[in-house]
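What follows is a single structure, written as structure tokens, with notes after it.
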Amino acid sequence: MALRIEDYALIGDCHTAGLVGRDGSIDWLCFPRFDSPSTFGALLGNKDHGRWLLAPAGEVLETSRRYRDDTFILVTRWVTADGEVEVTDFMPHGDRRADVIRRVTGIRGSVPMMMDLRFRFNYSDALPWVRQAPDEHGYGLVAVAGPDAVIMRGPELRASDHTHVAEFTVSEGETVDASMTWYPSHREPPARVVVDDRLADTTLWWQDWASHCIASPVYHDQVHRSLLVLRALTHEDTGGIVAAATTSLPESFGGSRNWDYRYVWLRDASLTLNVLLGHGFREEAKSWRGWLLRAVAGDPGDVQIMYGLAGERRLTEWEVDSLPGYDGASPVRAGNDAWRQYQGDVFGEVMIALQSARELGLAEDEFSWPLQRALMTYVEENWRRPDNGIWEIRGPQRDFVSSRAMIWAAFDCAIRAVTEFGLDGPVERWIRLRDEVHAEIESRGFDESRNTYTQHYGSTGVDASLLLLSQVGYVAADDPRMLGTVAAIEEELLHDGLLMRYRTESGVDGLPAGEHPFLACSFWLVEQYARSGRVSDARTLMDRLVSFCNDLGLLSEEYDVAGSRQVGNTPQALSHLALVRAADAIAEASAEATPSSRAGA
């Protein structure tokens, strides 16, 4: 059985990523891309579904772990009765290879170590042919199945019932390296990696990237690590950011709400662009904008809510019956049929991101504004369409209020592009349509008797996505209608002090009821509190939320309050994006409240 989700650490090379357990086992790794089939899949089953365990052979008295400053180089320290060792796990950056390196260093005494290696390609559906492949530098082991091959170098392994094991002892001052390299099976194995060089280069690259960050005055460490997470989830070549490094970690333990998040959502892309720009990463934001524009290029009617890492459009969902699921939660899924859905909110999110880029100095090119004009033409003709909403419901399409507010925001951004930046466009028509959208929301999406916006037209319930209305400028955070909506959200959706997305038992999403509070929604509530003057409430909730980060600063999608554990795919980009925005809102509200700020106002 896999560990608790918070017991995993992320390592990555900005092409793919692996999850390393506190017990020293790499239980999830997909080569060579985030969305490739797994090589190690124990996370969604057990050790026989693929893993690479490297740990002390005897009883462990104490375990601690950390990242090297501003990197994803993981250092785990074990204390045993015989001594003390460190294992440094990392994936080298920048050499156009797919490597995992594990270095064991003796700190004190002599510690017996053991390695248990189980290759299982293609989501544990392909047991490879394995052969020894020594070279002039020492031991090697090659595993091949179909298009995939890996070469393992390090301590000599012996075969035992589709498993390869090794035992060795590391004494104080000694170092033992083990490396695994993926390559296409029709090619020759790559040369050995020079560990010292790659460790130094990878450390330098991560630390250089992090050095460009504009520091946060509040929740500095959590914001800094969140920005690093966003970079780790960004594909180096294409600029696409995956929503998470995993698939099918359940939203409810034992349930069927298990989705593949190893793809790029326009929503996350847009929010990432804003966050990166706000924290000094101009070049990264420019690269992001390029991905965004390439992904949505073509017929605006074909715009999807999500794409593959390089902008692939067909992400057909299928059930992976070779993996039983995390703690039995099934089915395991690869692909995500949400790519087929229509969500009107994505047009607003794209236009907001590109407007933010303009405001922060990224100039339009010959391609970017004509594409936005084309998108707006489509929005003009389709803004009344019901959609699947921000939560990708698999029930009937509806007129979701948050989607309509994003349509409003799309028109508003287009208008500002003309009036504030001198771009060409039918501004009078856009103003008229923006006002029509607003009038419709106010007449059909607002419950006067309860003083709250509703989840969708005709409903009486609320939805946490209504918190986005103030974020996009549709309504001020301290407007009485927004405050009434917040009160209704607190009444209906707070669960043990955290926010649910909506009431799943309502049947609105066409799925069995049951999930845990959604971390991004609770961070949105922090932002709303801060921007409406409830700064103390914002800090109280923020303090609680950041306490849910694991010991390495990572967050998944949801949180199980009763079980005190993380839930859902991990690390979750949207959770970390919302954390950064919430911290920024608290910082701004705190600055505005200082005497010096008031004196200068």
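The values are calculated or read from the model by the stated rules, or taken from the named source; none is laboratory data. As the structure is a computational prediction, the values presented were derived from the model and not from experiment. All Cβ positions, even for glycine, are placed from backbone atoms using ideal geometry, and neighbour counts span all protein chains on display.
The table below gives the values:
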| quantity | calculated |
| --- | --- |
| Selection from the stretch 377-416 of residues that are under 26 Å from THR452 (Cβ atoms), acidic (Asp, Glu) and either in contact with a strand residue (DSSP E or B) (Cβ under 6 Å, 6 or more places away or on another chain) or outside any loop (DSSP other than H, G, I, E, B) (or both) | ASP387, ASP399, ASP412 |
| Within the stretch 372-404, tally of residues that are of a type in the set (S, T, N, Q) and under 25 Å from the mean Cα position of the chain (by Cα) | 3 |
| In the stretch 403-429, the residues that are over 21 Å from GLN471 (Cβ atoms) and not aliphatic (A, V, I, L, M) | THR419, PHE421, GLY422, ASP424, GLY425, PRO426, GLU428, ARG429 |
| Per-region count, the stretch 280-307, residues of a type in the set (Asp, Glu) and either surrounded by 15 or more Cβ atoms within 10 Å (Cβ to Cβ) or at pLDDT 90 or above (or both) | 1 |
| Test: residue in the stretch 267-282 that is free of Cβ contacts under 8 Å to residues at least 60 places away in the same chain and at negative phi | yes |
| Flag if ARG225 is of a type in the set (Lys, Arg), within 25 Å of TYR8 (Cα to Cα), part of a helix (DSSP H, G or I) and not assigned by TED's automatic domain parsing to the domain that holds ALA17 | yes |
| Residues within the stretch 240-288 that are within 14 Å of the chain's Cα centre (by Cα), of a type in the set (Phe, Trp, Tyr) and not in a strand (DSSP E or B), tallied | 3 |
| Residue among VAL85, VAL79, VAL75 that is in a strand (DSSP E or B) and either surrounded by 20 or more Cβ atoms within 10 Å (Cβ to Cβ) or charged (D, E, K, R) (or both) | VAL85 |
| Complete set of residues in the stretch 430-460 that are of a type outside the set (A, V, I, L, M, F, W, C), loosely packed, with under 14 Cβ neighbours inside 10 Å and under 30 Å from TRP369 (Cβ atoms) | ARG432, ASP435 |
| Matching option when the condition is in contact with a strand residue (DSSP E or B) (Cβ under 9 Å, 6 or more places away or on another chain), surrounded by fewer than 20 Cβ atoms within 10 Å (Cβ to Cβ) and at pLDDT 95 or above, among LEU545, LEU552 | LEU552 |
| Filter result (assigned to a loop (DSSP other than H, G, I, E, B), over 28 Å from ASN122 (Cα atoms) and in contact (Cβ under 8 Å) with a residue 40 or more places away in the chain) within the stretch 289-317 | ALA297, VAL303 |
| Those residues of the stretch 51-66 which are surrounded by 21 or more Cβ atoms within 10 Å (Cβ to Cβ) and farther than 17 Å from ALA245 by Cα, in sequence order | TRP52, LEU54, ALA55, PRO56 |
| Residues of the stretch 564-601 satisfying the condition of being of a type outside the set (Asp, Glu) and at pLDDT below 95 | SER590, ALA591, ALA593, THR594, PRO595, SER596, SER597, ARG598, ALA599, GLY600, ALA601 |
| Selection from the stretch 124-144 of residues that are in contact with an Asp or Glu (Cβ under 9 Å, 6 or more places away or on another chain) and surrounded by 14 or more Cβ atoms within 10 Å (Cβ to Cβ) | SER124, ASP125, ALA126, PRO128, TYR139, LEU141 |
| Selection status of ALA487, aliphatic (A, V, I, L, M) and exposed (fewer than 15 other Cβ atoms within 10 Å of the Cβ) | yes |
| Flag if ALA9 is closer than 24 Å to ALA243 by Cβ, buried (at least 21 other Cβ atoms within 10 Å of the Cβ), small (Gly, Ala, Ser) and at pLDDT below 95 | no |
| Meets criteria (surrounded by fewer than 17 Cβ atoms within 10 Å (Cβ to Cβ) and in the same structural domain as ARG373 (by TED's automatic domain parsing)) for ALA310 | no |
| Which numbered condition THR80 misses (of (1) β-branched (Val, Ile, Thr); (2) touching a residue at least 60 places away in the same chain (Cβ under 8 Å); (3) closer than 18 Å to THR169 by Cβ; (4) in contact with a Pro (Cβ under 7 Å, 6 or more places away or on another chain)) | (2) |
| Cross-chain or 6+ apart pairs with Cβ under 6 Å, the stretch 144-171 first and in the same structural domain as ALA81 (by TED's automatic domain parsing), then part of a loop (DSSP other than H, G, I, E, B) and of a type in the set (A, V, I, L, M) | HIS164/LEU157; ALA166/LEU157 |
| Verdict on LEU19 being under 21 Å from the mean Cα position of the chain (by Cα), at pLDDT 95 or above, within 18 Å of VAL170 (Cβ to Cβ) and outside the structural domain of ASN569 (by TED's automatic domain parsing) | no |
| Matching residues in the stretch 318-359 - criterion: being under 19 Å from the mean Cα position of the chain (by Cα) and either within 30 Å of PHE40 (Cβ to Cβ) or without any contact (Cβ under 8 Å) to a residue 12 or more places away in the chain (or both) | TYR326, VAL332, ARG333, ALA334, GLY335, ASN336, ASP337, ALA338, TRP339 |
